[in-house]
Each structure stands twice: as structure tokens, then as C-alpha cells.
1. Being open to solvent by 10 Å² or more (accessible area, probe 1.4 Å), of a type outside the set (V, I, T), in a helix (DSSP H, G or I) and at pLDDT 95 or above, is that true of even one residue in the stretch 61-75?
2. Looking only at strands (runs of 3 or more DSSP E) that lie completely in the stretch 192-269, which have at least 2 residues being in contact with a Pro (Cβ under 6 Å, 6 or more places away or on another chain)?
3. Every residue in the stretch 295-319 that is within 15 Å of the chain's Cα centre (by Cα), over 16 Å from D353 (Cβ atoms) and part of a helix (DSSP H, G or I), please.
4. Please list, ordered by first then second residue, the pairs with beta carbon atoms under 7 Å, 6 or more apart or interchain, first in the stretch 338-356 and open to solvent by 80 Å² or more (accessible area, probe 1.4 Å), second at pLDDT 80 or above and assigned to a helix (DSSP H, G or I).
5. Does P322 satisfy being assigned to a loop (DSSP other than H, G, I, E, B), touching a residue at least 24 places away in the same chain (Cβ under 8 Å) and buried (at least 19 other Cβ atoms within 10 Å of the Cβ)?
6. Does any residue of the stretch 292-299 turn out to be of a type in the set (S, T, N, Q), buried (at least 17 other Cβ atoms within 10 Å of the Cβ) and over 15 Å from I218 (Cβ atoms)?
7. Only residues that are open to solvent by 10 Å² or more (accessible area, probe 1.4 Å) and touching a residue at least 24 places away in the same chain (Cβ under 8 Å): list them for the stretch 114-131, please.
8. Among K142, K134, K173, K189, which is the only one that is open to solvent by 20 Å² or more (accessible area, probe 1.4 Å), of a type in the set (K, R) and over 22 Å from the mean Cα position of the chain (by Cα)?
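The values are calculated or read from the model by the stated rules, or taken from the named source; none is laboratory data. Owing to the predicted nature of the structure, the values given are computational and were not obtained by experimental measurement. Don't worry about glycine lacking a Cβ; one is built from the backbone with ideal geometry, like all the others, and counts go over all protein chains shown. Protein only, heavy atoms only, side chains kept; ligands, DNA and RNA dropped before computing areas. Shrake-Rupley method; radii C 1.70, N 1.55, O 1.52, S 1.80 Å.
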Amino acid sequence: MLAEKCDYFQRMDTISNRLLFVSMSDTAGGAENILCMAAGVTNSPLIFLKHIFDSRLFIPKKQEVKHLTKGAILIGFLKLVKELYPYRKDYTIISTNPYLNSYLGLLKRVGYLKSNLIVRECTSVFTRYTGLKKLSYQIAYKLGYPAVNLIVCQTGIMRNQLLAQNKFIPNDKAVIIENPIDLNHILRKAEASIDESLTDSEFICSAGRLIPEKGFSILIHAFEKFAQQHENLKLLILGEGKERKNLNTLIKDTGLQDRVILMGHVDNPIPYYKKAKLCVVSSIKEGFPNVLLEMMAVNDSVVSTLCAGGIEKIPSILKVEPNNINSLTSAIGFALADYPSQKNDSRQDYLKDRSPELFISSILEELHRVNSL
């Protein structure tokens, strides 16, 4: 048994030295952060099809990274073919956007790529989108996914939806591997300062792109219900997006102009999570909210909607029904009153089991299993 374990870890070391990570862009999103995290712990090259001018994605200086274009994403797709030439054989390529996954799968189907291809599902596109958008995904999956070696899903719900919508995908190729979190990195970032104007303030904190799926309008309505009983309490929403105008209108309509603050993009949100009296994930539907893990790492009072599979199993956070103002209001009120009474170690143990090293080793172990079938 010991010899088998030694052989396994030697095999993992060999494979991890021949990994390539590919991303659509360097947008500072959850999927991109996970890819950067995995590339960093394996010391592997990282290719971005498109460089975003004001990207705030954290990339370590020692990271080997290449951007293919600053223009249209189509140019990045075209340049990628040539860029992949050194990695065509004997590598393991990992990507995470459905269109990019399908493109790489198509290159593998026509014989250009002979390396292993692992793709990660960033969201449940078949339940999130409708109409032409959903049709475009259906076509993309049928074109590229038959050649994929392994499909990594964040949750069981995501895997079930993927397989239900794509009958051609063998069940054993779709696996569940939960999102990682670099706990030590998060704790170091938590030591930074917040905006001086908020240093002495009491506030609830939420974060994410300002889009309808994040449920920030529901959160604002919930905050409105107990704002008068907590006159010194503010609500901070960290992030930027297309819903800013609508949310500003809602804030004015509810008379909360001085109480609800849209902070915009914050380079380091972790100190705000740490300082908050309460952190809230108000999303209606998610693949899995990585921000929830970051909040749990530094704050003992966390409320989350059951917006994704797997949240129901997380210890020591308050969970509520999505898209329900009354449920969210009640949970926030309870959390502010007396929850939690003391720090719960089970939450930290849960996060330690999601290390980036364990994440990538689990993926490579599943790849070996599938390739051995």
C-alpha cells in the first residue's frame, strides 16, 4: 500500500509539471481567480485570450503568464491555435469557460490537440440562460465536449444539470470537486486597512457583480425592514456592474441614501468582510459563490441564501431561501441579535479541506482514473 501511494504522488508530480491553464480573460471573477490559484500552486503557465485594461485580477509576479490580445476576444481565439502548439502533446490543459472549453475540445476532435483536456464548469448555463443564448451553449457543448477527458463540476446539482442537458457525456467523465480557497492568502489580506471613513462604522457587508442574479435589490429591501431599529448600521455592497443605476434608484426610493453604500470595485474586499458585523450572500442563483468561502474565513457571522448546491452542508452559517425578502430579513435580524455566540472551529476545518493543493491533486487523480478506464 505504501509503495502504491509513493507511485501515485510521483505520478502527480510528473503530471503537475506539464500543466497549462487557459482563460478567456483576466477579468477578476471567481473562475479566473480559481484558475490563477491552481496555476500558482503547480507553477504552471497561464494563457489569457484577452487582457482587460483595468483588470484587478491578482497574478503573482513569478507567474508565467501570456495575454494574446487587448482587442476583440475573437482575435484571442484565433491566436490561441498557434500559442497552443508547444502544448499539443503530452500536456494536461485546463480551462473553465464553456465557449473556451468547447473550442479546445473541437481542436482536440480534429486532431490538432492530443494532450489531456480538463474543463471546469463555471455555472449551470442551461438553467441560467434561455433563448438564443442557451441555444448557443447547446451547440458549443455538442461540438467540443465529446473530446474532453474530464469535466469538473462545483456541485452535485451542477453535475446533474450538465448530464441531463447533454446525454452524450458519459457519467464517469463528469466529477464533483468543490471550489478551493487559499486560506493563508486570505488571512494575510485580511490584515489590510479599510477606507478611513468607515473605520469607526458598523456595517453589514455583501459583495459581487451588480447583476440581478446577485439579489442585491432583495438585500436592500431586507435591510430597509430593520434599518430604523439599527440607526447606526450601514449596508456596504462591494462590486460593480450594469445594475448600479437600478440599485441607486432603489436606494433613493427607500430613503436609504446615507445607509446603503455601493462601494464599486474594491481591490481587497477581505478586510471589509473581517470588519463587518455580518456578511451576507444574497444571490438568487449561482454556480457556487466563492465570496462565501472568503467571508467564512474571516467572519463568524455569515448569512447565505441556498443559491447553489453544497451550501446546505456548510457548517455554522445561517442559510435561507433565495429570492425571499422576509426570510433574509429574519436571518439578518437573528444574526445581528446574538449569532454566533462564539467562534466555531468546524467552519475553519471545512475551509482547510478546500486547499488549492487538494483541489488540483483531486482533479489529477480523477483524470488518471478516467484515462485508466
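1. Kept after step one, since they are open to solvent by 10 Å² or more (accessible area, probe 1.4 Å), are these residues of the stretch 61-75: 61-75.
Retained after the next criterion (residues that are of a type outside the set (V, I, T)): 61-64, 66-68, 70-72, 74.
When the remaining residues are screened for being in a helix (DSSP H, G or I), the result is 74.
Remaining after also requiring at pLDDT 95 or above: 74.
Yes; the residues of the stretch 61-75 include at least one that is open to solvent by 10 Å² or more (accessible area, probe 1.4 Å), of a type outside the set (V, I, T), in a helix (DSSP H, G or I) and at pLDDT 95 or above.
2. Numbers: elements: 202-207, 233-238, 260-264.
Of the strands (runs of 3 or more DSSP E) lying wholly inside the stretch 192-269, none has at least 2 residues that are in contact with a Pro (Cβ under 6 Å, 6 or more places away or on another chain).
3. Within the stretch 295-319, just M295 meets the criteria.
4. Within 7 Å, the pairs are K352/L183.
5. Working: assigned to a loop (DSSP other than H, G, I, E, B): yes; touching a residue at least 24 places away in the same chain (Cβ under 8 Å): yes; buried (at least 19 other Cβ atoms within 10 Å of the Cβ): yes.
Yes; evaluated as a whole, the condition is true for this residue.
6. Quick first cut of the stretch 292-299, residues of a type in the set (S, T, N, Q) only: 299.
Keeping just the survivors that are buried (at least 17 other Cβ atoms within 10 Å of the Cβ) gives 299.
Now narrow it down to the ones that are over 15 Å from I218 (Cβ atoms): 299.
The answer is yes; a qualifying residue exists.
7. Of all residues in the stretch 114-131, those open to solvent by 10 Å² or more (accessible area, probe 1.4 Å) come to 114, 116, 120, 122-124, 126-131.
Within the stretch 114-131, K114, N116, R120, C122, T123, S124, F126, T127, R128 meet the criteria.
8. Working: K134 fails: over 22 Å from the mean Cα position of the chain (by Cα); K173 fails: over 22 Å from the mean Cα position of the chain (by Cα); K189 fails: over 22 Å from the mean Cα position of the chain (by Cα).
On inspection, the qualifying residue turns out to be K142.
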